[in-house]
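The values are calculated or read from the model by the stated rules, or taken from the named source; none is laboratory data. These numbers were taken from a predicted model, which means no experiment stands behind them. Heads up, the Cβs are rebuilt from the backbone with ideal geometry, glycines too, and the neighbour counts pull from every protein chain shown. Ligands, DNA and RNA are stripped out before the accessible areas are found, and what is left, the full protein with its side chains, is counted by its heavy atoms. Shrake-Rupley method; radii C 1.70, N 1.55, O 1.52, S 1.80 Å.
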Amino acid sequence: MKTFKILALPIFALLVLSSCSSVRVMADYDKKADFNTYNTYAFYKTGIDKAQISDLDKKRILYAIEAEMSARGFSKSENPDVLISIFTKEREQVDIYNNYWGGGYGWGWNPYFWGGGNMYGNQVSTRTEGSLYIDLIDAKDKQLVWQGKGVGSLYQTKNIEKKEERIQKFVSEILKAYPPMASK
């Protein structure tokens, strides 16, 4: 019975963390833009320099964007159709979990069956939630034509591969919404 109680918290934490692993995506675009005319791109250095993240993470994001754009048939150019800029935000998210399991007797109604004892109280945890914006700007008139935003948990990890994997997931999920589908 003690083993069950010991395993319950890590299993609960795993379920909570796995529910936070997705990236929520939103996109907006200029309905007057002709996305079929965009075939080449370049990065908009002025906008990228303003992103308040490490230069290494900027590189990771740009490499992931290059891979996604290449997979969509775009090519990098000195004379691009669109300019790509990024913007980032992060905030601390506080999660409060009410751990009252009912009846004041642990997991079950019978204190002899699941083990007695009160299992209630609040558990507070914090996590960093990040937002990545990817902007596509018409190179001719310098007007924003498409913006994708991904929001999700950021993991503080020393493992570079996991960090790169998370960044690739963000970029991939955001760019799935590009180009916008014309509504009929």
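Applied to segment 26-31, the Karplus parametrisation 6.51 cos²θ - 1.76 cosθ + 1.60 on θ = phi - 60° returns per-residue 3J(HN,Hα) values of 9, 9, 9, 7, 7, 5 Hz, with x for Gly and Pro. Residues whose amide H comes within less than 5 Å of that of V145, counting only those at least five positions distant or on another chain, are L136, I137, D138 (H built at 1.01 Å from N in the peptide plane). Distances over 16 Å make up what percent of all Cα-Cα pairs in segment 127-184? Cα-Cα pairs in segment 127-184 separated by more than 16 Å: 55 percent.
Rounded to 0.05, the FRET efficiency of the R24 and K59 pair, given R0 = 25 Å and the Cβ-Cβ distance, is 0.55.
Using heavy atoms of the protein chains and a probe of 1.4 Å, the accessible area assigned to D34 is about 80 Å². Computed on protein heavy atoms with a 1.4 Å probe, the accessible areas place I96, I174, I137, I53 in the order I96, I53, I137, I174, largest first. A straight chain from Q123 to E165 at 0.36 nm per residue would run longer than the Cα-Cα distance by 12.2 nm.
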